[in-house]
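Beneath this line is the structure, given in C-alpha cells, with notes to follow.
The values are calculated or read from the model by the stated rules, or taken from the named source; none is laboratory data. Bear in mind the structure is a predicted one, so any value in this text is a computation, not a measurement. Here the Cβ positions follow ideal geometry from the backbone for every residue, glycine too, while neighbour counts run over all protein chains shown. Heavy atoms of the whole protein, side chains included, go into the accessibility calculation; ligands, DNA and RNA do not. Shrake-Rupley method; radii C 1.70, N 1.55, O 1.52, S 1.80 Å.
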Amino acid sequence: DVPKATEPRGDSDGSRRGSLCDRHCAAINNVQGDLGDMGCHLHRPRVPPGRLAMGWAGHGVLGVGVSHAPCRPPYHPPVLPAAMSPPSCCQQHSDEVCESCVVKTTLTAENAVEANKLSNNYKFGFKKWKSHVTARPWEDRSEIVKELYSDLNVIRGSGGSTVTCGNVLYLLLFGWWLSLLYVLVAAMMFITVVGAPYGWLCWDLAGYFLWPFGKVIQKVEVPKSRQVLGACDTGVGESSALLGGPVPRRWRPQCWVDARYWQCAGTVVWLCLGYPALVLAHGLVCVTAWLLVVLIPVAKLSARTVARVLLLPPERVVVRRLRMTEVPLEGEVILCCYRAVNPYYYKYAVDGINVFAVNLLPLVLVTLVLGYVDSHNRLTSSPVKFTLALLSIMPLSYYIGMAIASISAQSNFAVGAVVNATFGSITELTFYITALIKGSREGNRCYAEIVKSALTGTLVGCVLFVPGLCMVIGGIRHQEQRFNSRSAGVSSALLFLSVGGVFAPTLFSKVYGKLVCGECHNVTQNPLGHYLCHNCHFDLMENNGTLYYSHVQPLVYTVSLLLPAAYLIGLFFTLKTHSHIYDIHISDCHMPGHHHSAVVHWSRWRALVILLLSTLCMSACADLATEHISPILTNSTISQYFIGVTVLAMVPELPEIVNGIQFALQNNLSLSIEIGNCIAVQVCMLQIPILVLFTIFYPTNFTLVFSDLHVYASMFSVVLMNYIFMDGKCDYFQGTVLVMVYFILLAVYFFAPSPSGC
C-alpha cells in the first residue's frame, strides 16, 4: 500500500499552482502518506533524508521511490540534486519550483473491479470498504495467509518443539476426552467381534487425538498379494513393502477392494454403533473450535476426520509419528497438524466474508426465532432479547456494507451513487423509525428522546472516537501519519454547516420559548427571594402551540430541505468540479502469469439479494430491539441519555470502526478520518431530514429540538476535531486526546439525569 507514481500537471492547471504548492510539497516530503489498497508486487526502497529517488517511468510519468517493472520499463532512477530536494522546494514558491512539486498519487489494484472499489473509497458519500470484493490471486498471498487455507495435509520440516501453549490448550479443551471416547468406542468394537478391525483403528486414533501434533494419518494402498478373491476374508499381515515396516496389528477385512466393502458385517456395525458417536463428538469440537476462530485448525482436523478418515477401510489408515530424519512418506497424507492455535485466523474469509461475520450469522437466526416465537418471554427475558437483537445488527451491517461495495464496484457511477444514497444509512434509519413508531403508538415521549440521544451519540462518536481510535492504533505502528487536509476540510465545513442547521431550531426555541418549571420552592422564605425550581424546560406550545406551529415547525422544514441540498452540493463539488483535491489516480496492472479477469465474490444480483435480505432482517431486529427496550429504560438505574449515545449509537457502526482501524494500520489515515466524517455528515444532512419527513406522513413525538447537553457536546466535538485536523498530520497523542474527550462526554451522559418524559 504505497503511493505509486507522480504525474506533472499540465499548463492548464497553472491557475491552481500557487494554491496547491504547499500541499504537493507536503505530499513529496511524506512519500508514505495517503495510501490505498494494491495487489501488485511492489518494492519500496528506503529514501535517505533529503534525497528523493525519481526517474522516468514511461508515458511521461515520474516514479517516486518505486520500481514496478511489470507496469513500466525498468529504469535505474537518478538522484535529484540538492537544489531540487523537497525541503528547498517547499521553501521556494516560484512557478518553476511549484511545477516540480505538483504530484499525483497513483494506486494500483489487481483488476478493474478492485480499482473501481478503490476509486469509490475516495469519493465523498460512498461507503469506504477495506476488504476485497474479488478473489485475490493465490500467488500474491503471503505464506501466513496461505497457511490459513491449507488442508492440514502438508508435511514440512521441523519447526521446533510441538509443546506450545496453544497445543496444551487443545489437550485441556478437547484432547483428553476425545481420546477417552475413542478408547470406549474401540472397546465396544472389540466386543462385537466383527468390528474388531475398527477397534484397532479407534485405538490408534485415541493416541493420535490425545496429541496429534507431529503425527501423520496416511492413506495407503494394499499390496496386490493381499487382495484375495473373497468378499470378507480376514487375515493378519506381517509386513508392508510400501511402508518398509510392520503393519499395525488388526483383524483386517479384505472387502475394500470394491463396493462390497459397505456390505460387510463389520462395516455395518461400525456405521451403526461407533461412527455416529464419533461424528457427534467431532461435530461439537468443530463448532466450538470454529467459533473460537484461533482454533480453526482443530475444526479442520475434526471435519477432515469425519469426512475422510473414519469412512476409510481400517486397513488403509496408518498413523505414524514424524521424525526429523525421516524420508518423505509414500502414499496420500490425509492429516498432518503442527499447531492447534493460529492467531492470524482473524484474516480468514469464507467466500469473501470475514470469519467473525460468518460466526455471528447464526445469532441472527436465533434472535429472530426467539423474538417472534417466544413473544410472551417464557424462554428468555426482554433484556436478553434486546441484547441479542443489538448484537445481530453487527453482522447485518457488515453484509449490507459488503453488498453496497460489491454493487458499486461492478456498476457505473450513477448506480453506485444511488445504492450508497439509498442503503448507506439504512442500518440507523431502520432502528430510529421503528422506535418512533412504537413511541407514537404507546404515547411515550421517551422513545423520541432515545432517538435524539442515538443521533447525537453517532455524531459525537464518529467525530471523536472513530478518528481518535484510528490515530492511536495507527500511531503505534507509524510515528507520524499524514492525511489529505483539504479533503478533510470539505467534510469539516459540511459538519459545521450541518451542526448549525440541525441545532438552529433548538437555539431558536431557547430564545423565544417560555421557560416552564414543574416545581419551585422559596429558599429564603421571602416572597422576593430566590426560588429553587425543578424539571424546567422551554414550552413551545404556549397559546395552543402558536410559537411551535407558526415559527419553529416552518424553521424545521426549511432546515430539512436546505441540509440535503447542501449535501448534494458537496457531492457535486468533490466528485465533479474539484475531484482533483484527492490527488488519487487508480489503475489496474497485472503481474506476469496473473489472470486478468476478476473473480468477484458476490455478483451484482447476488449482492442485491443479500442486500435486500439483510435489510429485511435488520428491520426485524430493530423491531425486536425497540420492543424489548422498555424494561431497560424503566428499570435501569443508568441514564437513558447514556444508553442512547453509547449502545444504540455505536453498535451499528462497529463494522465501520473496524474498516477505519484497518486503513490506519496501513498508514492510510485519510480514509479512516473520512469514514467518521461521512457518517457524521450523513447523520445531520440525510438521516435527520428523513426523520423529519417521516413525521409529516406518520405523526410522532419527534421534534428537532434537542437538550442543551446534546447541543454543547456536538458543537464542542466538531470544534475540537477541526482544531486537531488543521495541519494535515497527527500522531497517537492527538488521537488519545480525542478518545479521552469522548470518554469525558460519556461520563457526563452517564451521570446526567434522565430526560423529561422517561
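Can you tell me which residue is nearest to ALA448 (Cα to Cα) among those in region 742-758 that are open to solvent by less than 50 Å² (accessible area, probe 1.4 Å) and within 25 Å of the chain's Cα centre (by Cα)? Looking at the filtered set, the residue picked out is LEU746. Would you point out the residue of region 189-198, among those that are outside any helix (DSSP H, G or I) and in contact with a helix residue (DSSP H, G or I) (Cβ under 7 Å, 6 or more places away or on another chain), that is most open to solvent (accessible area, probe 1.4 Å)? Result: VAL194. Among the residues of region 140-174, those that are open to solvent by 40 Å² or more (accessible area, probe 1.4 Å) and among the charged types (D, E, K, R) comprise ARG141, GLU143, LYS146, GLU147, ASP151, ARG156.
Among the residues examined, LEU738 does not qualify as closer than 16 Å to VAL502 by Cα, open to solvent by less than 10 Å² (accessible area, probe 1.4 Å) and either touching a residue at least 12 places away in the same chain (Cβ under 8 Å) or more than 31 Å from the chain's Cα centre (by Cα) (or both). Take region 702-731 and flag every residue that is open to solvent by 60 Å² or more (accessible area, probe 1.4 Å) and not in a strand (DSSP E or B). Matches in region 702-731: ASP708, TYR712, MET715, PHE716, VAL719, TYR723, MET726, ASP727.
For THR288, the requirement of being of a type in the set (Val, Ile, Thr), modelled with pLDDT of 90 or more, open to solvent by 20 Å² or more (accessible area, probe 1.4 Å) and more than 20 Å from VAL319 (Cβ to Cβ) is met. The residue pairs whose first member lies in region 264-284 and is outside any helix (DSSP H, G or I), whose second member is open to solvent by less than 50 Å² (accessible area, probe 1.4 Å), and whose beta carbons are closer than 8 Å, counting only pairs six or more residues apart or on different chains, are CYS264/ALA231; CYS264/PRO253; CYS264/CYS255. Would you be able to say whether some residue in region 126-139 is at pLDDT 80 or above, more than 35 Å from the chain's Cα centre (by Cα) and surrounded by fewer than 23 Cβ atoms within 10 Å (Cβ to Cβ)? Checking region 126-139: not a single residue is at pLDDT 80 or above, more than 35 Å from the chain's Cα centre (by Cα) and surrounded by fewer than 23 Cβ atoms within 10 Å (Cβ to Cβ). For region 688-701, the count of residues that are open to solvent by 10 Å² or more (accessible area, probe 1.4 Å), of a type outside the set (Lys, Arg) and within 22 Å of ALA488 (Cα to Cα) is zero.
Among SER397, SER392, which is the only one that is over 25 Å from ALA713 (Cα atoms), in contact (Cβ under 8 Å) with a residue 40 or more places away in the chain and surrounded by fewer than 24 Cβ atoms within 10 Å (Cβ to Cβ)?
On the way: SER392 fails: surrounded by fewer than 24 Cβ atoms within 10 Å (Cβ to Cβ).
Exactly one of SER397, SER392 is over 25 Å from ALA713 (Cα atoms), in contact (Cβ under 8 Å) with a residue 40 or more places away in the chain and surrounded by fewer than 24 Cβ atoms within 10 Å (Cβ to Cβ), namely SER397.
The set of residues in region 612-666 that are more than 20 Å from HIS132 (Cα to Cα) and of a type in the set (Ser, Thr, Tyr) comprises THR615, SER619, THR626, SER630, THR634, SER636, THR637, SER639, TYR641, THR646. Evaluate the following for ALA622: is it under 24 Å from ASN116 (Cα atoms), surrounded by 21 or more Cβ atoms within 10 Å (Cβ to Cβ) and at pLDDT 85 or above? So ALA622 fails the test. The number of residues in region 472-483 that are out of contact with any Lys or Arg (no Cβ under 8 Å at 6 or more places or on another chain) and crowded, with 22+ Cβ neighbours inside 10 Å comes to 1.
Does any residue of region 199-218 turn out to be in a helix (DSSP H, G or I), among the hydrophobic types (A, V, I, L, M, F, W, C), touching a strand residue (DSSP E or B) at 6+ places or on another chain (Cβ under 7 Å) and more than 21 Å from PRO297 (Cα to Cα)? Scanning region 199-218, I find at least one residue that is in a helix (DSSP H, G or I), among the hydrophobic types (A, V, I, L, M, F, W, C), touching a strand residue (DSSP E or B) at 6+ places or on another chain (Cβ under 7 Å) and more than 21 Å from PRO297 (Cα to Cα), so the answer is yes.
Looking for something within 37 Å of the chain's Cα centre (by Cα), among the polar types (S, T, N, Q) and modelled with pLDDT of 90 or more - is there at least one such residue anywhere in region 169-180? So far as region 169-180 goes, no, none of its residues is within 37 Å of the chain's Cα centre (by Cα), among the polar types (S, T, N, Q) and modelled with pLDDT of 90 or more.
Looking across region 110-142, the residues that are hydrophobic (A, V, I, L, M, F, W, C) and within 19 Å of ALA488 (Cα to Cα) come down to LEU118, PHE124, PHE126, TRP129.
Results for (1) within 14 Å of TYR149 (Cα to Cα); (2) open to solvent by 50 Å² or more (accessible area, probe 1.4 Å); (3) in contact with a strand residue (DSSP E or B) (Cβ under 8 Å, 6 or more places away or on another chain); (4) at pLDDT below 90, shown as yes or no for each residue.
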position: HIS282; (1), (2), (3), (4): no, no, no, no
position: LEU295; (1), (2), (3), (4): yes, no, no, no
position: LYS300; (1), (2), (3), (4): yes, no, no, no
position: PRO328; (1), (2), (3), (4): no, yes, no, yes
position: LEU363; (1), (2), (3), (4): no, no, no, no
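Looking only at residues in region 464-482 that are under 16 Å from the mean Cα position of the chain (by Cα) and among the hydrophobic types (A, V, I, L, M, F, W, C), the one that is farthest from ALA649 (Cα to Cα) is ILE473. From the list GLY475, GLY468, GLY439, GLY489, the one residue that fits, being over 30 Å from VAL609 (Cβ atoms), touching a helix residue (DSSP H, G or I) at 6+ places or on another chain (Cβ under 9 Å), of a type outside the set (D, E, K, R) and modelled with pLDDT of 90 or more, is GLY468. For region 631-650, a residue qualifies if it is among the polar types (S, T, N, Q) and either in contact with an Asp or Glu (Cβ under 8 Å, 6 or more places away or on another chain) or open to solvent by less than 10 Å² (accessible area, probe 1.4 Å) (or both), and the qualifying residues are SER639, GLN640. Taking the listed residues ALA454, ALA435, ALA414, the one that is surrounded by fewer than 24 Cβ atoms within 10 Å (Cβ to Cβ) and part of a helix (DSSP H, G or I) is ALA414, with no other qualifying. In this structure, LYS510 does not satisfy being modelled with pLDDT under 75, among the basic types (Lys, Arg) and either over 24 Å from LEU459 (Cα atoms) or within 44 Å of the chain's Cα centre (by Cα) (or both).
Rundown of residues vs (1) within 28 Å of the chain's Cα centre (by Cα); (2) under 13 Å from THR427 (Cα atoms), yes/no style:
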site: LEU612; (1), (2): yes, yes
site: LEU616; (1), (2): yes, yes
site: CYS621; (1), (2): yes, yes
site: HIS628; (1), (2): yes, no
site: PRO631; (1), (2): no, no
site: ASN635; (1), (2): no, no
site: SER639; (1), (2): no, no
site: PHE642; (1), (2): yes, no
site: THR646; (1), (2): yes, no
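Might you check whether a residue that is over 24 Å from the mean Cα position of the chain (by Cα) and among the hydroxyl-bearing types (Ser, Thr, Tyr) occurs anywhere in region 417-435? There is at least one residue in region 417-435 that is over 24 Å from the mean Cα position of the chain (by Cα) and among the hydroxyl-bearing types (Ser, Thr, Tyr).
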